[in-house]
1. Can you name the residue in the stretch 170-188 that is modelled with pLDDT of 95 or more, outside any helix (DSSP H, G or I) and of a type outside the set (S, T, Y) and is also least open to solvent (accessible area, probe 1.4 Å) among such residues?
2. Do you know which of the residues in the stretch 28-69 that are charged (D, E, K, R) and open to solvent by 20 Å² or more (accessible area, probe 1.4 Å) is nearest to N87 (Cα to Cα)?
3. How many of the residues in the stretch 79-96 are under 11 Å from I160 (Cβ atoms) and not in a strand (DSSP E or B)?
4. Pick from E191, E128, E151: which is at positive phi, open to solvent by 80 Å² or more (accessible area, probe 1.4 Å) and more than 16 Å from the chain's Cα centre (by Cα)?
5. For the stretch 86-117, give me each residue that is open to solvent by 20 Å² or more (accessible area, probe 1.4 Å) and either touching a His at 6+ places or on another chain (Cβ under 6 Å) or closer than 23 Å to M10 by Cβ (or both).
6. For the condition under 22 Å from P133 (Cβ atoms) and modelled with pLDDT of 95 or more, what is the one hit in E22, E68?
Amino acid sequence: MKVISINVSMPQLVSIHGKQVETGFFKMPVSGPVAVHSLNLAGDGQADLTVHGGPDKSVYLYPWENIEYWKQALQRDDLGPGSFGENLTVEGLSESELAIGDEFAIGTARFVVTQPRLPCFKLALALETPSIPKTFLESGRTGCYLRVLQEGTIQVGDAIYPLPSREPARVTIAEFVELYRVKRATREQIETLLSLAALPEEWKNRLMGTE
């Protein structure tokens, strides 16, 4: 498991189909050591902080294997690191292996998995594919957001070292997305999700029906 690309961008106004949209979606690969801050990577930013960014969405991780999948599924040779707005393009991890609360070290920084990425309209605009948000969610290839546990420095090629999880149960990103998508979670499953310390309060409120 390793980092194969680090991608950042600051919010910018872009014209998509004649519409002016401010977005930090269009991430570009960078080289050399990159500082990891509590809320983002150096050189990175988000436009709409009501749905992006914050401590529970500091860094967005996406598997390279998923990009390879979408290149075939969408017949798009132009897709590469950063195409899905991810900060870290990684190799050797998948949604069926990543779980809420999983901790790992990269370089001198430490991270914890908090939640899957739910696609928004900007993904459709960026990829010029109106159906992609629905397809993206249904595929389960969502990637995940990370909270920064320890600031540090990372760079391309860094290995990803798993650390012991402190959660009472293991719920993978794939399992979480499926429960969210079909909306048929049992009381027991909901209680398990609520027991996860790494799961953001926003999600817990949603699960309890208070949001």
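1. V171
2. Taking the stretch 28-69 as the starting set, the residues that turn out to be charged (D, E, K, R) are 44, 48, 56-57, 65, 68.
After this cut, where a residue has to be open to solvent by 20 Å² or more (accessible area, probe 1.4 Å) as well, the list is 48, 56-57, 65, 68.
Details: D48: 16, D56: 14, K57: 11, E65: 15, E68: 17 Å.
So, considering only residues that are charged (D, E, K, R) and open to solvent by 20 Å² or more (accessible area, probe 1.4 Å), the one nearest to N87 (Cα to Cα) is K57.
3. As a first pass, look at the stretch 79-96 and keep what is under 11 Å from I160 (Cβ atoms): 88, 90-93.
After this cut, where a residue has to be not in a strand (DSSP E or B) as well, the list is 92-93.
Going through the stretch 79-96 one residue at a time, the tally reaches 2.
4. Details: E191 fails: at positive phi; E151 fails: at positive phi.
Exactly one residue qualifies, and that residue is E128.
5. Passing the criteria: only G107.
6. Numbers: E22 fails: modelled with pLDDT of 95 or more.
Within the list E22, E68, the selection yields E68.
The values are calculated or read from the model by the stated rules, or taken from the named source; none is laboratory data. Predicted model, so just to flag it, every value in this text is computed and none were measured. Ideal geometry is used to build each Cβ from the backbone, glycine not excepted, and the neighbour counts take in all protein chains shown. Side chains are part of the model used for accessible areas, which takes the heavy atoms of the whole protein and leaves out ligands, DNA and RNA. Shrake-Rupley method; radii C 1.70, N 1.55, O 1.52, S 1.80 Å.
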